[in-house]
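The values are calculated or read from the model by the stated rules, or taken from the named source; none is laboratory data. Bear in mind that the values here come from a model prediction, so they are computed numbers and not experimental data. Cβ sites come from the backbone with ideal geometry, for glycine too, and all protein chains shown count toward neighbours.
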């Protein structure tokens, strides 16, 4: 495939040579509709064949700019030559050996402990982000001998029962009740649409002040932990105001409650820092990692304080595929690439450039209600009227589909109202290719805005 670095960063997209979707794409889409459940996201009708860097080729030979990273996974870019080479080597040696010790798993655990806050002493290597949430909930309940978990409206922590239960959106749990008991939901600061009709900073963190009242009225006095994302991804890339997360951490310390930080989506350079916790020097008791850690191969990890991690006896928590040597080696290689190729710095630089461009577009575009982001994760909130902030899912879908026609791939709409466009390209993207993607979005936004 693309063996040389010059091939890897060739940046020939967008290049559209067929009507979209193309004939081969239509064939596979029809197979999908016939043989697969409809529970998956309603994405644009692209059928991926291969990808490289921040570009996608479909089965019809069309080239697209990737503003998705899959779903914020391929931080090091698609099919990085070094990554591909190391995976090929491992494929010839060993795939799976359950939870027997392997060099790669232990080296990955060691690396994770070294690059996360120094209060964290052990790493449990798993496969999916949801697994880390389930493991964190179990550990918190066992360690604290309590069962209640404080979470937030709008939160997304996965689709398994524990993650779904502490999640804060109905679409994840509709029809799947009852959820596990003990979750206390409180407000997360969505400053563009404040639930209390306040304005930051004049509000003086009103939503944080409501935390004590929620506990006073809902808790049985057996709180084990609080869990939060550094920013709410599925709710619409909602960024809390500066200082808010530190207030949560301090509240947990004052009330002897474990602080669980879900960085499954935000870690490994995505926000312009290796970990989003670095923005406010957070020191969580348990840290959930995923997506970018494997940058393609399924991999996740729960990193925690030694005393908490050692509360479980041998044999009480393991995983069939967790820490398998192929995935563990992928993690080692991905982290090495992120560090050596300065992808955190590129995320911060290109992300700031894109954010500034979108803010300029916002000034002249009547349907672009809000622009927010950190590093290479941004959210564009689409409205039918800026004054009323009336959300428009229909316009959002139209924008995403028209961008696809022009060679830019975006994830299906997110947010409470399905009206947020998520921007999340691989961290290897150049400013030049990012600008091409922003140009396409600007063109579509302004045409629809007329």
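Take the conditions (1) surrounded by fewer than 23 Cβ atoms within 10 Å (Cβ to Cβ); (2) within 19 Å of the chain's Cα centre (by Cα); (3) outside any helix (DSSP H, G or I); residue 426 misses just one of them, which is (1).
Here residue 87 meets the list (1) under 13 Å from residue 327 (Cα atoms); (2) not in a helix (DSSP H, G or I) almost entirely, failing just condition (2). Kindly indicate whether residue 326 is in the same structural domain as residue 255 (by TED's automatic domain parsing) and over 20 Å from the mean Cα position of the chain (by Cα). For residue 326, the condition - in the same structural domain as residue 255 (by TED's automatic domain parsing) and over 20 Å from the mean Cα position of the chain (by Cα) - is met.
Condition check ((1) under 30 Å from residue 187 (Cα atoms); (2) buried (at least 17 other Cβ atoms within 10 Å of the Cβ); (3) out of contact with any helix residue (DSSP H, G or I) (no Cβ under 9 Å at 6 or more places or on another chain)) across all residues:
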| position | (1), (2), (3) |
| --- | --- |
| 98 | no, no, yes |
| 106 | no, no, no |
| 120 | yes, yes, no |
| 133 | yes, yes, no |
| 140 | yes, yes, no |
| 145 | yes, no, yes |
| 156 | yes, yes, no |
| 161 | yes, no, no |
| 167 | yes, yes, no |
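Residues that are surrounded by fewer than 13 Cβ atoms within 10 Å (Cβ to Cβ) and assigned to a loop (DSSP other than H, G, I, E, B) within the range 11-68 comprise 12, 17, 19, 36, 37, 38, 39, 40, 41, 42, listed in sequence order.
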